[in-house]
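The values are calculated or read from the model by the stated rules, or taken from the named source; none is laboratory data. Only a predicted model underlies this, so the values are computations on that prediction, with no experimental measurement involved. Heads up, the Cβs are rebuilt from the backbone with ideal geometry, glycines too, and the neighbour counts pull from every protein chain shown. Areas reflect the complete protein model, heavy atoms only, side chains present, ligands, DNA and RNA absent. Shrake-Rupley method; radii C 1.70, N 1.55, O 1.52, S 1.80 Å.
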Amino acid sequence: VLREGGWRPEPGLPEEPDDYCLAVLARHHFKDTAGFSIDLHWSLFRENPSLHSDDSFWRDALPHTVEGAECRRLQPADQLLHICKHGVEWDPNPTIRWIADAARILDSSPICWNRFLEQAERLKLGPWLEHALQYLSRQMELSIPGEVLRALEKICRPRSLCREFRAKSRRIEYLGGVPMLWFDYRRLRAHEDFGGAGGSLRRFLRCR
């Protein structure tokens, strides 16, 4: 569909991505002849534990319309989850817009907090989401239920998960992106669809 509309993938995306490639990348940039770009995601998070991790997001998506075209949008709880997770990760171009996005969702939509917490535990994103919601509550004075913050504190978080969060939420001058790549590879090794054998580190790095 994108090719028919004049869009082309930026270098690096195979012509026919296999499941391994789709699991490693999760998204890719496309450009048209005028130089405009879009960021196409086929997974909500690159840390997905399964090729079916997004099924619940699709299943419960809400009907929506964009300029007359029917489509679907995420549940408010899922959209907030996505925004918070990506917002607190380090990026050379700070994505502070996540704060405005989160504020808009909290102000305009009822959040199913039970769903938010269930997804946080299923995807092992507790540290990211606790940090994000604490920031929104304390620094931005947004209304976040205290029981949600306390529940996030209790979600199981082994030391390796806390180290992963620290590696992805700040710039590590002397190692660059190596820690982030290592933790992504560790997650891939535990990927349900690859039976705990996420390929060699060399294959993973080549794909990334």
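Values computed for the structure shown
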item: Those aspartates and glutamates that a straight Cα-Cα span of less than 13 Å connects to K124, excepting residues fewer than 8 apart in one chain; result: E47, E153, E164, D184
item: Accessible-area ranking of W128, W182, W7, W58, largest first, probe 1.4 Å; result: W58, W182, W7, W128
item: Accessible surface of the chain [probe 1.4 Å, protein heavy atoms]: carbon and sulfur percent; result: 51 percent
item: Computed log₁₀ I(q)/I(0) - Debye formula, equal Cα scatterers, no solvent, the chain, q 0.11, 0.12, 0.13 Å⁻¹; result: -0.59, -0.71, -0.84
item: Computed magnitude of the charge dipole of region 1-156 (debye, nearest 20; Cβ of K, R +1, Cβ of D, E -1); result: 360 debye
item: Estimated 222 nm signal from helices in the chain, with DSSP H stretches of n ≥ 4 weighted -39500 (n - 2.57), rounded to 500; result: -13500 deg cm²/dmol
item: At R0 = 30 Å, FRET efficiency that the Cβ-Cβ distance of F36 and S109 yields, to 0.05; result: 0.55
item: Given charges at Cβ of Lys, Arg, Asp, Glu: region 110-208 dipole, positive-most of A190, Y174, M140; result: Y174
item: Contour excess over end-to-end distance, with Cα ends at R73 and E16 and 0.36 nm allotted per residue; result: 17.8 nm
item: Average accessible surface area per residue within region 1-139, 1.4 Å rolling probe, Å²; result: 59 Å²
item: Restricting region 1-91 to GluC sites (Glu not before Pro) in coil, as DSSP defines it, with at most 12 other Cβ within 10 Å; result: E4, E15, E67
item: Residues of region 74-96 with amide N under 18 Å of a point placed 7 Å along Cα→Cβ from R171; result: 87-96
item: Rounded to whole Å, sorted largest first: equivalent-ellipsoid semi-axes of region 91-195, Cα gyration tensor; result: 26, 19, 13
item: Accessible heavy-atom area order of T33, T65, highest first, probe of 1.4 Å; result: T33, T65
